Amino acid sequence: MKMEKYSAFPPGLARKYDVHGPRYTSYPTALQFGDFDAGQHRAAIERSVASAATPISLYVHVPFCASPCFYCGCTKVISSRRQPAAVYLDYLRREIELQGALFPGMQPVEQLHFGGGTPTYLTLPQLAALFEALRRNFSLRNDAQREFSIEIDPRTIDAGALRGLAGLGFNRASFGIQDFDPAVQDAVNRRQSYGQVAELMEAARAAGFESLSADLIYGLPKQSYHSFDRTLDQVIRLRPDRISAYSYAHVPGRFKAQRQIRLEDLPNSADKLELLQLTITRLLDAGYVYIGMDHFALPGDELARALDQGSLQRNFQGYSTRGGLDLLGLGMSSISRVGDVYSQNARTLPAYYSALDQGRLPADRGVRLSADDLLRREVIGAIMCGGRVDYAAVSARHKVDFRSHFADALADLGGLAQDGLVELRNEELRVTASGRYLLRAVAMPFDAYLRRKGETAAVVPQYSRVI
Ligand code: SF4
């Protein structure tokens, strides 16, 4: 059964449920990762390879950026010099060889994503060499089944380089736009014009990219209802297949670059709620399907089809298609999800290089999921991706009685049911069309780590807010 697709955004309820909460790109979340022996990552791959030679998904992290965008909370290295990237690529190649050797059956790589930082900080020859290293060590698909994507910083690329990327095999690209208003761009130190982005998107389509996506951020300094409305107009005119509209989280204590943002330039929470409401209304009116959290897609896009077919998944980039593939992260700070293990590579260049100098896999944090973690991961994933939990199916797979096992979580959801965000039926939990805008609030009662801290309905400051 499918979820209802359209509903008015419920601002009153959004205000009520605007708690801090995990984005559930993983469960348990990265906050629960602890010290970790890379041998556990290797063992997880061996178990996975022995049980089923399924296709895999690769993520490659390129941490460099030429200049800081003041809103940014990514793991990155700011450098205007090119030499550090050459050194990094050398180490990345070593990691690719070590990790590739763990997949002797050469399972096909169906999904590949280059993220950052700024992947297009690398020159086309550097990207081609990196791609070649992946081809030598993994079995990259080269047919229409492949989903190979790259994050594009429009300030760092031209039409020729886009054609080059398509020639390597990339067929999806996401463009970092954030906001087209010059005053907002100045306030966040990221200038790029509408014309520049429009030209590049057109060039990407002509080069054969099948799906383009645009990233926006609401809640940025100097942003107003009218300025963001103009940005949305321009983005809708570009007609990207997917749009992500992220909420800006101002945490200057944690992200140094954000200290450049003046508090008085930021929209207040009521303004931010209006910006969110505006975004949702404008994109739905323009024919986009609401996928969940901050993602929208045109009805024909694979993400919208995956929502219909129940094959949507959460991963570290947000929503993705082809649920269930093992995900292997390559590069500094990247996270892998293989079977019942999450592992994260060293988060600084010196630590990443040091592990590889010793011939070791660079994973140094992670967690192996317990039976209870696996059960809760499935339930939270079902809420975040499909908006429905079938009690009997989950009970049978995990050998529990769902209703008694989760009696406390179901009791906590009573208030959300009264507010019309979720329906608690005898045989299933179903998120309503309004509840889909507040998926985190529905998922949080099933999070054992929040429950342990008594934080299911309270403020959890390590996580961002819903709005
Ligand atoms: S937003 Fe992207 S380009 Fe800007 S600093 Fe962050 S990672 Fe780099």
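The values are calculated or read from the model by the stated rules, or taken from the named source; none is laboratory data. The structure displayed is predicted, hence computed values, not measured ones. Don't worry about glycine lacking a Cβ; one is built from the backbone with ideal geometry, like all the others, and counts go over all protein chains shown. Note: areas computed on protein heavy atoms with side chains; ligands, DNA, RNA excluded. Shrake-Rupley method; radii C 1.70, N 1.55, O 1.52, S 1.80 Å.
Per-residue answers, yes or no, for (1) open to solvent by 70 Å² or more (accessible area, probe 1.4 Å); (2) over 30 Å from Pro445 (Cβ atoms); (3) basic (Lys, Arg):
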| residue | (1), (2), (3) |
| --- | --- |
| Phe9 | no, no, no |
| Ser26 | no, no, no |
| Leu31 | yes, no, no |
| Val60 | no, yes, no |
| Gly73 | no, no, no |
| Ile78 | yes, yes, no |
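Being within 16 Å of the ligand (Cβ to nearest atom) and part of a helix (DSSP H, G or I) is the filter; apply it to region 108-126 and report the residue that is farthest from the chain's Cα centre (by Cα). Lay out the reasoning, then the answer.
Step one: of region 108-126, the residues within 16 Å of the ligand (Cβ to nearest atom) are 113-122.
From what's left, part of a helix (DSSP H, G or I): 119-121.
Details: Pro119: 16, Thr120: 18, Tyr121: 20 Å.
Step by step, filter region 108-126, then rank; the result is Tyr121.
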Q. Taking interchain pairs and intrachain pairs at least six residues apart, which have beta carbon atoms under 7 angstrom, with the first residue in region 205-231 and part of a helix (DSSP H, G or I) and the second open to solvent by 90 Å² or more (accessible area, probe 1.4 Å)?
A. Ala207/Arg163; Tyr225/Glu274
Q) Within region 411-429, how many residues turn out to be surrounded by 19 or more Cβ atoms within 10 Å (Cβ to Cβ) and not in a loop (DSSP other than H, G, I, E, B)? A) 3
(Q) I need the full set of residues from region 105-125 which are surrounded by fewer than 17 Cβ atoms within 10 Å (Cβ to Cβ) and within 28 Å of Ser79 (Cβ to Cβ), in order please. (A) Thr123, Pro125
(Q) Please go through region 50-79 and give me each residue that is of a type outside the set (Phe, Trp, Tyr), within 11 Å of the ligand (Cβ to nearest atom), more than 16 Å from the chain's Cα centre (by Cα) and not in a loop (DSSP other than H, G, I, E, B), ordered by number. (A) Cys65, Val77, Ile78
Q) Does any residue of region 276-294 turn out to be open to solvent by 40 Å² or more (accessible area, probe 1.4 Å) and within 16 Å of the ligand (Cβ to nearest atom)? A) no
Q: Considering only residues that are of a type in the set (A, V, I, L, M, F, W, C), away from the ligand (no atom under 16 Å from the Cβ) and open to solvent by 10 Å² or more (accessible area, probe 1.4 Å), look in region 134-160 and name the one that is modelled with the highest pLDDT.
A: Ala159
Q) Among the residues of region 90-104 satisfying the criterion of being part of a helix (DSSP H, G or I) and open to solvent by 10 Å² or more (accessible area, probe 1.4 Å), which is nearest to the ligand (Cβ to nearest atom)? A) Tyr91
(Q) Pairs needed: first member in region 144-163, closer than 14 Å to Phe209 by Cα; second member anywhere, hydrophobic (A, V, I, L, M, F, W, C) and within 12 Å of the ligand (Cβ to nearest atom); C-beta distance under 6 Å; at least 6 residues apart or different chains. (A) Ile152/Phe175
Q. Are any residues in region 232-241 open to solvent by less than 50 Å² (accessible area, probe 1.4 Å) and either in contact (Cβ under 8 Å) with a residue 60 or more places away in the chain or of a type outside the set (Val, Ile, Thr) (or both), and if so, which ones?
A. Leu232, Gln234, Leu238, Pro240, Asp241
Q: For residues that are of a type in the set (Phe, Trp, Tyr) and either on the phi > 0 side of the Ramachandran plot or within 16 Å of the ligand (Cβ to nearest atom) (or both), tally how many sit in region 166-185.
A: 2
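Can you name every residue in region 186-196 that is within 16 Å of the ligand (Cβ to nearest atom), open to solvent by 30 Å² or more (accessible area, probe 1.4 Å) and in a loop (DSSP other than H, G, I, E, B)?
Selection gives Asn189, Arg191.
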**Q.** Close pairs from region 242-255: first surrounded by 13 or more Cβ atoms within 10 Å (Cβ to Cβ), partner among the basic types (Lys, Arg) and assigned to a strand (DSSP E or B), Cβ under 8 Å, at least 6 apart
**A.** Ser247/Arg465; Ala249/Arg465
